[in-house]
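The structure under discussion appears below in the form of structure tokens.
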Amino acid sequence: QVQLVASGGGLVQVGGSLRLSCAASAASADTFNLAAIGWLRQAPGKGREVVAGINYNGEITYYTDAVRGRFTISRDNAKNTVHLQMNSLKPEDTAVYFCAAAAGPSVTPYTEWPYWGQGTQVTVSS
């Protein structure tokens, strides 16, 4: 079972940047390194939205249209971490962001994310 902790959220103004981190525990590192990892968010009054995903070795990424060109997902399996660099932030990016692991190594627009970590709040002021 993958244990994930998200961090790096905060309060920024429109146009600002944040870098979120997702860390796997040492005990779950092997599973983490073989799994696709995603960032998902939930804004007030809205459902969960998949923001970005990255396959097991970092060679394939996915972004939802709303963030493509502004956000970059990356991973460093040697450090058991995944990052989400968020630039040109907009008020509509305000949400709780979660990192999650897929059951397998691949990432697609239809990947399911059964293993969730704790969320980190991102607030973008207008």
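The values are calculated or read from the model by the stated rules, or taken from the named source; none is laboratory data. Please read these numbers as outputs of a predicted model, since none were measured by experiment. Methodologically, a virtual Cβ is constructed for each residue, glycine included, from the backbone with ideal geometry; neighbour enumeration extends over all protein chains shown. We work out accessible area using only protein heavy atoms, side chains counted, and drop any ligands, DNA or RNA first. Shrake-Rupley method; radii C 1.70, N 1.55, O 1.52, S 1.80 Å.
One line per residue, one yes/no per condition, for (1) open to solvent by 70 Å² or more (accessible area, probe 1.4 Å); (2) farther than 20 Å from Y115 by Cβ; (3) of a type in the set (S, T, N, Q):
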residue: G8; (1), (2), (3): no, no, no
residue: V12; (1), (2), (3): no, yes, no
residue: G15; (1), (2), (3): no, yes, no
residue: D30; (1), (2), (3): yes, no, no
residue: N33; (1), (2), (3): no, no, yes
residue: G47; (1), (2), (3): no, no, no
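Select from the range 1-55 the residues that are in contact (Cβ under 8 Å) with a residue 24 or more places away in the chain and assigned to a helix (DSSP H, G or I) and list them in ascending order.
A26, A27, S28, A29, T31, F32, N33, listed by residue number.
For residues in the range 107-126 being within 12 Å of A6 (Cβ to Cβ) and hydrophobic (A, V, I, L, M, F, W, C), which is nearest to the chain's Cα centre (by Cα)?
The residue in question is W116.
Identify the single condition in (1) out of contact with any Leu (no Cβ under 6 Å at 6 or more places or on another chain); (2) modelled with pLDDT of 95 or more; (3) buried (at least 18 other Cβ atoms within 10 Å of the Cβ) that S125 does not satisfy, given that it satisfies every other one.
Against the list (1) out of contact with any Leu (no Cβ under 6 Å at 6 or more places or on another chain); (2) modelled with pLDDT of 95 or more; (3) buried (at least 18 other Cβ atoms within 10 Å of the Cβ), S125 comes up short only on (3).
Which of the residues that make up the range 17-27 are open to solvent by less than 20 Å² (accessible area, probe 1.4 Å) and modelled with pLDDT of 95 or more?
The answer is L20, C22.
Considering only residues of the range 65-107 that are in contact (Cβ under 8 Å) with a residue 60 or more places away in the chain and of a type in the set (F, W, Y), which is nearest to G15 (Cα to Cα)?
Per the criteria, the residue is Y97.
Condition first: free of Cβ contacts under 8 Å to residues at least 24 places away in the same chain and of a type outside the set (V, I, T). Can you find one or more residues in the range 111-120 that meet it?
Yes, the range 111-120 has at least one match.
Are any residues in the range 64-106 over 10 Å from the mean Cα position of the chain (by Cα), open to solvent by 10 Å² or more (accessible area, probe 1.4 Å) and under 19 Å from R48 (Cα atoms), and if so, which ones?
If the condition is that a residue be over 10 Å from the mean Cα position of the chain (by Cα), open to solvent by 10 Å² or more (accessible area, probe 1.4 Å) and under 19 Å from R48 (Cα atoms), then T64, D65, A66, R68, K90, P91, E92, T94, V96, A103 are the ones that fit.
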